[in-house]
Amino acid sequence: MTDLDQRIASVLRERAEGEIDTHRLLNRSRARGRRRQARRRVATGGALALVGVLGVVGVTGTDITGLPGRLPWTATTPTVAPPVPPRAAGVPGAAQRPDLVGADPQVLHFGVDPAKGRYLGWEVSGQIESVRFDAGGGRAVTVEVARSTAAFDERGIEGWPVDVVQDTTFDGSIQRVAPSSGSPGYVTWWRPANGLYARASMTGEDPFALTRAITALRWDEARRCGGPLRLTALPVGSRVDRCSVDVSSFPGTVNVVVNLYRGTSGMMFVRLQYNAGIVGKRTDSNRTVGGRPAYLYPQGDELELLGLPKAHLVASFGRPMEGFTEADATTVLAGAQVAKDPGDPETWE
């Protein structure tokens, strides 16, 4: 451990049960950092202060080569490319248009550098865009972004105490969380750019792992939320309200859920479930959707488009959701575009 690391570690020990003031970390290391800057262009080295990471790297996307924790994803070539949401052509990223964040549930306005993190899932819901990714060593990081602080008021962090969402100053400070059960972790709030508010959280004992993970974020790109699924036709008067993709068990499974709403209470859930272990295809069709075989389940509230290899594409409607009909489900499934191979992200474009 270097002298600089020891100085910062001492501050962390002093504040182990409370909030970590990253301004203090930065001030105590600044003098030492200046002397080292001539030799190393990255002044903060392995103990990068969060304020510096978020203020400089967060929006510009500057690549800090040699940063501890940088993931050598290219060290071995996997048989299947890691999952990455397809690019949304012609759509600006959050850095260019922060006002678009959360406005379209089918688009993410930020992403993760695949050289520094591996996607585990992503979601757009309730004006919040979020990405969950592996920052190395199995450490899962969740980053949520919105256009206002109010979007976070009722949104807790799964598995953590409710009061974690309180006192959110968005000043870049790190808070240690030690729930009564489960692993401790860290959470931070900051502003990546004017008009943007972000929260990042992860379990573990190393706050620097969180700061390193945040350098993987890319604010100058936009990506389609649906991954291998794209809905091109919606029933009259309906809208997409939520999109969620889980690739945490990739390449074995991929799960996509898109919620449609109509009026104040009408809901439809469209689910694409890919599983590499599925053998054969369902053949007992009793409906036709866009000239293709489909199956209406006996309850009369679920319609499945058949013929997809190793996958199920189902639209759920009727009670308890109500507000949609079989005809509406037929419209959605007829216009649904599924990647040639949902298990191969290179076919998702």
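Read-outs: derived from the displayed coordinates by stated rules, not from any lab. Model, not experiment: these values are computed from the prediction. Cβ: placed from backbone, ideal geometry, glycine included. Neighbour counts: every protein chain shown.
Charge dipole of segment 98-224 (Cα centre as origin; +1 on each Lys and Arg Cβ, -1 on each Asp and Glu Cβ, all else neutral): 360 debye, rounded to the nearest 20.
Return a whole-number percent for the relative contact order of segment 234-349, with Cα pairs under 8 Å and 6 or more residues apart as the contact set.
Numbers: 235 pairs, mean separation 26.3, N = 116.
Answer for segment 234-349 is 23 percent.
Cross-link reach is defined here as a Cα-Cα straight distance under 29 Å, omitting same-chain residues fewer than 8 places apart; for residue 281 the lysines meeting it are 310, 340.
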